[in-house]
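Bear in mind that the values in this text are calculations on the coordinates, not laboratory data. Note that the structure is a prediction, hence the values are computed from the model and not measured. When we count neighbours, we look across all protein chains shown, and the Cβ atoms used for this are built from the backbone with ideal geometry, even at glycine.
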Amino acid sequence: MNEWLIMAVEKDIVIRAVKLSCVVGTLLIFINYGDAVFTPEIAYPAWWKILLTYCVPYFVSTYSAVGARLAD
């Protein structure tokens, strides 16, 4: 577990995960919350959902990158 966490915070893995999260997270937001994003008043809980939408691709990317490195 300790080795996994050390790899998960390596610079190249973090940068790749952030880039992927920005692209995929933005696409998911427009697909799932597009109508809410363009309204003048967005509900408070919707902002949390939107922020969490970026976390999912980040963690998936990190998990798969670390798993691939450990498999080698």
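Applied to the range 53-68, the Karplus parametrisation 6.51 cos²θ - 1.76 cosθ + 1.60 on θ = phi - 60° returns per-residue 3J(HN,Hα) values of 4, 6, 5, 4, x, 4, 5, 5, 5, 5, 4, 6, 5, 5, x, 5 Hz, with x for Gly and Pro. Taking every alpha-carbon pair under 8 Å whose residues sit at least 6 apart, the chain reaches a relative contact order of 50 percent. Of the residues 20, 39, 2, the one whose Cα sits farthest toward the positive end of the charge dipole of the range 2-71, with +1 on the Cβ of Lys and Arg and -1 on the Cβ of Asp and Glu, is 2.
Kindly express, to the nearest 10 degrees and within the range 0 to 90, the angle between helix 11-37's C-alpha long axis and the longest C-alpha principal axis of the chain. Helix 11-37 sits at roughly 20 degrees to that axis. Computed over the alpha-carbon atoms, the chain gives an Rg to Rh ratio of 1.12, Rh here being the Kirkwood radius from the mean inverse distance. Extension gain, residue 48-residue 2: 0.36 nm per intervening residue step, less the Cα-Cα distance, totals 13.6 nm.
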